[in-house]
Every structure is written in structure tokens, then in C-alpha cells.
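Chemist: Just passing along the structure, written as C-alpha cells.
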Amino acid sequence: MNVVRLIVMVVLQAVLLEAVSPFGEWTQPQWALWALFMLPPQSERFTKLGFGFLLGLGLDLMMGTYGHHMVAGTVLGGVLPGLHQLLSPREGYEVTQKPTLRDLGLQWVLALSFLGSLLFHLALMVVDTWHAHLMLGAVMPALTSAIWTTCCCLLLHLLVVPPGRKTKG
Amino acid sequence: MRNLWLLLQRNAFLLTFLLLLAVSFGVLVRHDGSARSSWFRTTGGLAAGVEGQQQQWRDYLELAEKNAALAEQNAQLRSQLLSMERESGWRMDASSGWSVATGRLIKGPDGHSRSMALGIPGADAGLTMGMGVLSAGVALGTVVDVGERYTRILPLLNTAGTWSCRIGRTGNVVPLTWDGVDRDRFTLSDVPRYARAEPGDTVYTSGFDLLFPDGIPVGTVESSQLSSGANFKSVFLRPLVDMGTVRHIEYIRHAADSERTVLSQPLPSP
């Protein structure tokens, strides 16, 4: 299921959803990140790292940006286990818990989506600009884009797995 | 080996992360010109810095060896110097008629207005009174007394001497004196007011005093002073040689010195 979700989101972003950017470079959405955020927090950290790498690879292949999304995806995949641990409830994740609004709540979903998106966009900004003197000017667009991506992920949560609907195991 | 394997196992996630990151960067650098140039510039600068630091350390560590080599070379040179015989005899320039012999100053002018200098060799090397003395090709003085092994030299740095000079190669011939005060300043007196003397101009010997050939440099013009209404001005110059540090000198004499001296004497009154 996770693999299918990843493929679908990568294709959708590359073909269709990339254009959903009301304020140009200030709101560059990364819809495919939602597929990564939907990985269960209890899953193996190698799985998360591999998914991050594959997400970047898929985006690069589809969008012709060789290496840019791979770097950002790998960074996010490598840090995602740490983020899950950072946001884990005091008693830890239950085996049946899914990373949805219903199971882990709005605050958890928002925090994970924003921190993950911010990390991804910052990594993408670094490899896009490359020059230190240009990075300062690219930080703000990266931040606003991360907020926009968080909004997009929240929208997908509401559309695909709304709080009232029970997720399938 | 087992410990290494355990270490790798313990850090497997980090190593995998770094490996995937390296692959990603590899793809990026391979396909993105900007990233590639930035990467090579960064790594090139880093490599140059590391290499420079290594070179510094290498130089520092090799100091002892270099020092020993230099000390050995120094000892060899000193040995050669001690075994060398002092060059003697006269070298003659056939075209101008001037001959040169080397010597050494064993007492230089001390800056007092009447101080003399003492040089070697003396009469035993064929030196006679009235010879010009140079240092590194610059006029230094003239031989006024000759002993068996030593010569007394009247340096330019003495108020008793007057030397015939000219400003530039073709300027007016004027006398040069020292005021006995500032050892870095000679004075050309009685310079016609129309004569050009710009700061930096070289002053040469004129050869008219028969002590030096024409065109031996003496100093460079520093300034000039013209009193109002006067027809002559004074020109001040800085000597080209530091009299306090001179050690090696050259004596010069003309092949027809005695003939020139006799013919330059005033005619006997009838």
C-alpha cells in the first residue's frame, strides 16, 4: 500500500499537482512528501530511509531534475526516524496507530508535516542554489513553501483519511 | 575483524544514509553544471589549503636538515675564502688607459670634518699618491699618502677636499665639497643659475682634476638653493655610497699619469 501510494503521489506531483503554486516560488508544493509522512512510525528506519531515497529518485526521473530531489529525499528519509522519535507520545507508539489525524491527532500531523517539509525544502534549496551568497535569499521561499506543503499534506489527510474515517490496517 | 564487523553493524543505518547521500550527490554533481563547478571549486580550495598546510609542516620539520646543510655549505665557503689569495696586480683597460687594483679599507671616514681613511695595500703593490679611489664603481676619495703597506685616503667626506664634478653627463663642471655636518649631503657650489639640476639627476666626476676618469658617479641631486639676486646657486646631493659601510675599494691610475701631471702644471713665468 505504501509503495503504491508513493508511486501515485510521485506521478501525480510530476504530472499534475506541481502547478498548484498560487504565489510562484514562494509556494512550491511537494505533494509527494505526504506518501512519506504516511509511513507508519513503527516501521523500520531502513524502510523510511529507502522510501525517502526512492521518493527523490522518482521525482528526479519524472521531473528531470537529476539529483536534486534525491538529496533532499535521502536527507528527509534519514531524519524521519528521528522526527518520529521526537514526536512520539510519552508511552510510545501503539502497534495499530497510523500517522493520521484520527490516530495521532492534528498537532502530531502538523508538526511532522511541517518539520519534514521544512527539512526537505531546505535541503532542496541548498542543492538548487549551491552558492552561499544566494542561500540567504532562498531561505524565506523555502520556509513559505514548507508551510504550503504542510497545508497540502493536511488537505490530503482530510481528503483521503478524514478524522472520522477508520483507516484500514 | 570481528570488532570491525560489529562496528559496521552498529552503524549500518548511518553508513547506508551516507552511501545513499553520496549516490545522490554523485548524480547531482554529474548532471548539474552549477553544482559541479561549485563542488570542484570547494574541493579544490580545500585541497589547496590542506596541501599548503602540509607543505608548511614539511618545511618546518625539514628545518633542522636544511640548517645543517647550510652550516656545512657555510663552512666550505669560509674555508675557500681563507685559502684564497687576495687578488693583486693591476687590471688595465686598454681603451681608456686607466688601470685598476683592488684593496680594502681598514679604517673608514668617521664623519668628522677632517677624518681620513686608511686602506691596504701600500707602496709595495705599486700605489702612489694622487690615485683615485672607488667603491663599487662610485667615487670615494683620493690617495694622499702612501706607506709601505698602507695608504692614507682623503675621502669625499672631508672638508679639506674639493672635487671636480658635473651634473649629468654633459652639465656644467662645478666643484663638490662637504660641509662637515651632514654625512649624507654633499654640496655643489657655484652652479650657474641657468644650469638645470632636477632632483634625481646623477652627478658624475668631470675628470678635470685628473684623479678620476670622466663619468664616475658620485651622487644624486636632492635639492638646490638660489639666493635672490645671485647668479650662482648651490645644489645638494646625496652620495651614492654609504661611506660608513664601505670595505672593498679599487685604486685607479692612468697609464700616462706622470706625463699628464707634468703637462697640467702652470707654465713657468718668463
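The values are calculated or read from the model by the stated rules, or taken from the named source; none is laboratory data. The shown structure was predicted, so the numbers you read here are calculated from the model rather than taken from an experiment. Positions of Cβ are backbone-derived with ideal geometry, glycine not excepted, and every protein chain shown enters the neighbour counts.
Chemist: Looking at A:LEU49, A:LEU55, A:LEU80, A:LEU16, can you tell me which residue is more than 14 Å from every other protein chain (Cβ to nearest Cβ) and farther than 16 Å from A:VAL127 by Cα?
Modeler: Going through A:LEU49, A:LEU55, A:LEU80, A:LEU16 in turn, just one is more than 14 Å from every other protein chain (Cβ to nearest Cβ) and farther than 16 Å from A:VAL127 by Cα: A:LEU16.
Chemist: Scan segment B:214-266 for residues that are among the acidic types (Asp, Glu) and surrounded by fewer than 16 Cβ atoms within 10 Å (Cβ to Cβ) and report the count.
Modeler: 3
Chemist: Also, quick follow-up: Kindly establish whether B:THR170 is within 17 Å of B:ILE216 (Cα to Cα) and in a strand (DSSP E or B).
Modeler: no
Chemist: Name the residue that is nearest to B:VAL262 (Cα to Cα), counting only residues in segment B:203-213 that are surrounded by 17 or more Cβ atoms within 10 Å (Cβ to Cβ) and not aliphatic (A, V, I, L, M). Reasoning before the result, please.
Modeler: Let us first name the residues in segment B:203-213 that are surrounded by 17 or more Cβ atoms within 10 Å (Cβ to Cβ), namely B:203-207, B:209, B:211-213.
Okay, now just the ones that are also not aliphatic (A, V, I, L, M), so B:204-207, B:209, B:212-213.
Details: B:TYR204: 25, B:THR205: 21, B:SER206: 20, B:GLY207: 16, B:ASP209: 13, B:PHE212: 17, B:PRO213: 18 Å.
Top of the filtered list is B:ASP209.
Chemist: Taking B:THR128 as the residue in question, decide whether it is touching a residue at least 24 places away in the same chain (Cβ under 8 Å) and within 27 Å of B:THR220 (Cβ to Cβ).
Modeler: So B:THR128 fails the test.
Chemist: Taking into account only those residues within segment A:58-72 that are at the interface with another protein chain (Cβ under 8 Å from one of its Cβ atoms) and under 16 Å from the mean Cα position of the chain (by Cα), which is surrounded by the most Cβ atoms within 10 Å (Cβ to Cβ)? First the steps, then the outcome.
Modeler: Keep residues of segment A:58-72 that are at the interface with another protein chain (Cβ under 8 Å from one of its Cβ atoms), which gives A:60, A:66-68, A:70-71.
Next, from what is left, pick out any that are under 16 Å from the mean Cα position of the chain (by Cα): A:60, A:68, A:70-71.
Working: A:ASP60: 24, A:HIS68: 24, A:MET70: 29, A:VAL71: 25.
Across segment A:58-72, the extreme among qualifying residues is A:MET70.
Chemist: When only residues in segment A:41-91 that are hydroxyl-bearing (Ser, Thr, Tyr) and out of contact with any His (no Cβ under 7 Å at 6 or more places or on another chain) count, which is farthest from A:TRP108 (Cα to Cα)? First the steps, then the outcome.
Modeler: Here is the first cut: in segment A:41-91, the residues hydroxyl-bearing (Ser, Thr, Tyr) are A:43, A:47, A:65-66, A:74, A:88.
Those left that are additionally out of contact with any His (no Cβ under 7 Å at 6 or more places or on another chain): A:43, A:47, A:65, A:74, A:88.
Working: A:SER43: 17, A:THR47: 21, A:THR65: 31, A:THR74: 22, A:SER88: 9 Å.
Among those that are hydroxyl-bearing (Ser, Thr, Tyr) and out of contact with any His (no Cβ under 7 Å at 6 or more places or on another chain), it is A:THR65.
Chemist: Let me ask something additional. Can you find, within segment A:88-118, the residue that is nearest to the chain's Cα centre (by Cα) among those that are among the basic types (Lys, Arg) and surrounded by 13 or more Cβ atoms within 10 Å (Cβ to Cβ)?
Modeler: My answer is A:LYS98.
Chemist: Checking the condition more than 30 Å from B:ARG196 (Cα to Cα), modelled with pLDDT of 85 or more, out of contact with any helix residue (DSSP H, G or I) (no Cβ under 9 Å at 6 or more places or on another chain) and buried (at least 22 other Cβ atoms within 10 Å of the Cβ), which residue from B:GLY119, B:GLY141 passes? Give the steps one after another, and end with the answer.
Modeler: Numbers: B:GLY141 fails: more than 30 Å from B:ARG196 (Cα to Cα).
Among B:GLY119, B:GLY141, only B:GLY119 is more than 30 Å from B:ARG196 (Cα to Cα), modelled with pLDDT of 85 or more, out of contact with any helix residue (DSSP H, G or I) (no Cβ under 9 Å at 6 or more places or on another chain) and buried (at least 22 other Cβ atoms within 10 Å of the Cβ).
Chemist: Taking into account only those residues within segment B:13-64 that are over 15 Å from A:GLY67 (Cβ atoms) and basic (Lys, Arg), which is nearest to the other protein chains (Cβ to nearest Cβ)?
Modeler: Across segment B:13-64, the extreme among qualifying residues is B:ARG41.
Chemist: Run down A:VAL75, A:VAL79 and say which single residue is more than 27 Å from B:GLY33 (Cα to Cα), under 14 Å from the mean Cα position of the chain (by Cα), of a type in the set (Val, Ile, Thr) and modelled with pLDDT of 90 or more.
Modeler: Details: A:VAL75 fails: more than 27 Å from B:GLY33 (Cα to Cα).
Only one candidate passes the filter, namely A:VAL79.
Chemist: Check whether at least one residue in segment A:86-101 is of a type outside the set (A, V, I, L, M, F, W, C), within 14 Å of chain B (Cβ to nearest Cβ) and over 26 Å from A:MET1 (Cβ atoms), and report yes or no.
Modeler: No, there is no match, as no residue in segment A:86-101 is of a type outside the set (A, V, I, L, M, F, W, C), within 14 Å of chain B (Cβ to nearest Cβ) and over 26 Å from A:MET1 (Cβ atoms).
Chemist: Filter segment B:53-94 for residues that are modelled with pLDDT of 65 or more and among the hydroxyl-bearing types (Ser, Thr, Tyr); which is nearest to B:ILE216 (Cα to Cα)?
Modeler: Selected residue: B:SER79.
Chemist: Additional query: Please specify each residue of segment A:7-57 satisfying the condition of being among the aromatic types (Phe, Trp, Tyr), at pLDDT 85 or above and loosely packed, with under 15 Cβ neighbours inside 10 Å.
Modeler: Hit for segment A:7-57 is A:PHE46, nothing else.
Chemist: Something else: Taking strands (runs of 3 or more DSSP E) that do not extend beyond segment B:184-270, which have at least 1 residues that are of a type in the set (Lys, Arg)?
Modeler: In segment B:184-270, the matching strands (runs of 3 or more DSSP E) lie at B:232-239, B:248-254.
Chemist: Condition check: in contact with a Pro (Cβ under 6 Å, 6 or more places away or on another chain) and modelled with pLDDT under 90. Does A:TYR93 satisfy that?
Modeler: yes
Chemist: Right, another one. Can you find a residue that is more than 26 Å from A:LEU54 (Cβ to Cβ) and facing chain A (nearest Cβ under 10 Å) anywhere in segment B:4-12?
Modeler: No, segment B:4-12 has no match at all.
Chemist: Kindly provide the set of residues from segment B:149-172 that are surrounded by fewer than 17 Cβ atoms within 10 Å (Cβ to Cβ) and without any contact (Cβ under 8 Å) to a residue 40 or more places away in the chain, ordered by number.
Modeler: Residues satisfying the conditions are B:ARG149, B:THR162, B:GLY168, B:THR170.
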